[in-house]
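Since the structure comes first, as structure tokens, the remarks are kept for the end.
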Amino acid sequence: VDDNHTNLVIMSSYLEAVGVKVHSTSSGRELVELAAGMSRAGTKIDAIILDMQMPGMDGIDTAKLLKANPLTETIPLTLVSSFGMIENLPVEAGIALCLSKPVRQRQFLYHLGMLFRDESESTKNQHSSETETISFPGTSILLVEDNIVNQEMAVEMLGLLGIEPQLACNGLEAVEACKFNEFDLILMDCQMPIMDGYEATKQIREYEQMAGINRTPIIALTANAMQQDRDLCTTAGMDSHIAKPVKLSSIESLLRTWVPKKMVKGVVSARQKDTENELVEELSVHVDVSTYNGLVGSLGDRMYVIVDKFIKNAGLLIDDIESSVKAKDNATLSMRAHTLKGSSLTVAAVHLSELAAQLEQLVNNGASDELEAFVAKTKVEYQAVISCFAGLSKDRKIA
């Protein structure tokens, strides 16, 4: 329910895009009558989404009436508000989830999916708790990353926090983007073709001084946590760094530090439960099961989309690696091995990432005699990873 027709259409489209049947009204009174009528007719309602600000009857008052009616009292309620977290929600309102506007599709479906999953498992041993949700609506971020898998993962994680970043695939694109846009924060990969992150940062800092504009925080995305790498970041003009593979908790902590004024809090009433590792032991040789499960828990079905992209992209990278060995093109070989190392680690394919890292080191050390055998070993591991992900996607998909 929302009295704003545009908002009603947008929120409905978010749900219909994933196969949800939506019934909508423009007032709280209509909603109460519709929900009671549907329940009386035996139609199950899985969730009700309430706008907070509506004329006549606001979201809280609507929720109270729904909870007071035996026909609708058990339906999970989500409140959407322009004011962020609403303090001291009345107990009788029974709000299970509170989100702040503007609501992004990924963020909305993620939190709603958590709510559905909790409801579907209500017969298990669980206990209720209230969990804080954090979003950063209106935050303008430039994501500079050449690795398509790493880029996709970061976009999804930022989406869960209410952010749709602008993308750049190399340092040169980042420098140009900064000349025509203002960003609250820049996430900068360090190793990229055409122009790396260090040079891009130097040029951005030079442009800021020349144009007399405010300094934008630039955060390095780096797989290397050595002191010398941190020194390179500082010398280039970067403000901080986070380690790859990037985690949702790391991004949230970063945003809390650098854009605290954009942060909006909400609450979700969730049931905590113990989870068992149902995956067979041999899978953990190829995939870090704990990390993978954590990503699925955060991203839901979007993780499977990212894995599909990884598999296709990794196959192309390995083809290029094989061709580069035959052509003795060590520069391309090193670059492709580096990309495979990073994207494999992003999706928790740890052994493949280790092999790619060793391959990159062999190339850089000039050990050409070992390359063909190592590429063959990498191809075998790639096929094993494909099989693992096929089994994991089948067994672990979130309902």
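The values are calculated or read from the model by the stated rules, or taken from the named source; none is laboratory data. Since we're looking at a predicted model, the values are computed, not measured. Cβ sites come from the backbone with ideal geometry, for glycine too, and all protein chains shown count toward neighbours. Ligands, DNA and RNA are stripped out before the accessible areas are found, and what is left, the full protein with its side chains, is counted by its heavy atoms. Shrake-Rupley method; radii C 1.70, N 1.55, O 1.52, S 1.80 Å.
So which residues in the stretch 348-368 are surrounded by fewer than 20 Cβ atoms within 10 Å (Cβ to Cβ), under 28 Å from the mean Cα position of the chain (by Cα) and free of Cβ contacts under 8 Å to residues at least 40 places away in the same chain, if there are any at all?
Across the stretch 348-368, the qualifying residues are GLU354, ALA357.
When only residues in the stretch 307-347 that are over 23 Å from the mean Cα position of the chain (by Cα) and of a type in the set (S, T, N, Q) count, which is nearest to GLN383 (Cα to Cα)?
Looking at residues that are over 23 Å from the mean Cα position of the chain (by Cα) and of a type in the set (S, T, N, Q), I get SER323.
Filtering the stretch 227-248 down to residues that are within 18 Å of THR291 (Cβ to Cβ) and out of contact with any strand residue (DSSP E or B) (no Cβ under 9 Å at 6 or more places or on another chain), which residue is surrounded by the most Cβ atoms within 10 Å (Cβ to Cβ)?
Filtering first and then ranking leaves PRO245.
Can you pull out the residues in the stretch 1-55 that are open to solvent by 80 Å² or more (accessible area, probe 1.4 Å), part of a helix (DSSP H, G or I) and under 17 Å from LEU65 (Cβ atoms)?
Once the filter is applied, which keeps residues that are open to solvent by 80 Å² or more (accessible area, probe 1.4 Å), part of a helix (DSSP H, G or I) and under 17 Å from LEU65 (Cβ atoms), the stretch 1-55 yields ARG29, GLU30, GLU33, ARG40.
State yes or no: is VAL268 open to solvent by 30 Å² or more (accessible area, probe 1.4 Å) and at pLDDT below 85?
Against the criterion (open to solvent by 30 Å² or more (accessible area, probe 1.4 Å) and at pLDDT below 85), VAL268 does not qualify.
Please count how many residues of the stretch 227-253 are touching a residue at least 60 places away in the same chain (Cβ under 8 Å), assigned to a helix (DSSP H, G or I) and among the aliphatic types (A, V, I, L, M).
Adding up the residues that qualify gives 2.
Residue-by-condition table, conditions (1) crowded, with 23+ Cβ neighbours inside 10 Å; (2) farther than 22 Å from ALA243 by Cα:
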| position | (1), (2) |
| --- | --- |
| LEU160 | yes, no |
| LEU172 | no, yes |
| ILE194 | no, yes |
| TYR198 | no, no |
| THR201 | yes, no |
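Might you let me know whether the stretch 175-184 holds any residue that is in contact (Cβ under 8 Å) with a residue 40 or more places away in the chain, within 19 Å of GLN209 (Cβ to Cβ), open to solvent by less than 40 Å² (accessible area, probe 1.4 Å) and out of contact with any Cys (no Cβ under 9 Å at 6 or more places or on another chain)? Lay out the reasoning, then the answer.
Pass one, the stretch 175-184, residues in contact (Cβ under 8 Å) with a residue 40 or more places away in the chain: 181-184.
Going one step further and asking which of them are within 19 Å of GLN209 (Cβ to Cβ), we end up with 181-183.
Still in the list and also open to solvent by less than 40 Å² (accessible area, probe 1.4 Å): 183.
Subsequent filtering for residues that are out of contact with any Cys (no Cβ under 9 Å at 6 or more places or on another chain) retains 183.
Yes, there is a match, as at least one residue in the stretch 175-184 is in contact (Cβ under 8 Å) with a residue 40 or more places away in the chain, within 19 Å of GLN209 (Cβ to Cβ), open to solvent by less than 40 Å² (accessible area, probe 1.4 Å) and out of contact with any Cys (no Cβ under 9 Å at 6 or more places or on another chain).
Tell me yes or no: at least one residue of the stretch 204-226 is over 23 Å from the mean Cα position of the chain (by Cα), open to solvent by 50 Å² or more (accessible area, probe 1.4 Å), free of Cβ contacts under 8 Å to residues at least 12 places away in the same chain and within 25 Å of GLU360 (Cβ to Cβ).
Yes, some residue in the stretch 204-226 is over 23 Å from the mean Cα position of the chain (by Cα), open to solvent by 50 Å² or more (accessible area, probe 1.4 Å), free of Cβ contacts under 8 Å to residues at least 12 places away in the same chain and within 25 Å of GLU360 (Cβ to Cβ).
Could you please tell me which pairs satisfy a Cβ distance under 8 Å, a separation of 6+ or placement on different chains, a first residue in the stretch 283-310 that is of a type in the set (D, E, K, R) and open to solvent by 30 Å² or more (accessible area, probe 1.4 Å), and a second residue that is assigned to a helix (DSSP H, G or I) and at pLDDT 85 or above?
Qualifying pairs under 8 Å: ASP288/VAL350; ARG302/GLU156; LYS309/ILE148; LYS309/VAL149; LYS309/GLU152.
So for the stretch 139-148 (the condition being touching a Gly at 6+ places or on another chain (Cβ under 6 Å), modelled with pLDDT under 95, open to solvent by less than 20 Å² (accessible area, probe 1.4 Å) and closer than 28 Å to THR234 by Cβ), does at least one residue qualify? Break it down stepwise before answering.
Within the stretch 139-148, the subset touching a Gly at 6+ places or on another chain (Cβ under 6 Å) is 147.
Filter once more, keeping what is modelled with pLDDT under 95: 147.
Right, trim to open to solvent by less than 20 Å² (accessible area, probe 1.4 Å) and you get 147.
Next, from what is left, pick out any that are closer than 28 Å to THR234 by Cβ: 147.
Yes, some residue in the stretch 139-148 is touching a Gly at 6+ places or on another chain (Cβ under 6 Å), modelled with pLDDT under 95, open to solvent by less than 20 Å² (accessible area, probe 1.4 Å) and closer than 28 Å to THR234 by Cβ.
If you take the residues in the stretch 13-72 that are free of Cβ contacts under 8 Å to residues at least 40 places away in the same chain and among the β-branched types (Val, Ile, Thr), which one is nearest to ILE95 (Cα to Cα)?
ILE60
Across the stretch 73-90, which residue is surrounded by the most Cβ atoms within 10 Å (Cβ to Cβ) among those that are of a type in the set (S, T, N, Q) and modelled with pLDDT under 70?
Applying the filter and picking the extreme gives SER82.
Name the pairs: first residue in the stretch 376-395 and at pLDDT below 90, second residue surrounded by fewer than 13 Cβ atoms within 10 Å (Cβ to Cβ) and not in a helix (DSSP H, G or I), Cβ to Cβ under 9 Å, at least 6 apart or on different chains?
Hits for this filter: GLY391/VAL280; ASP395/GLU278.
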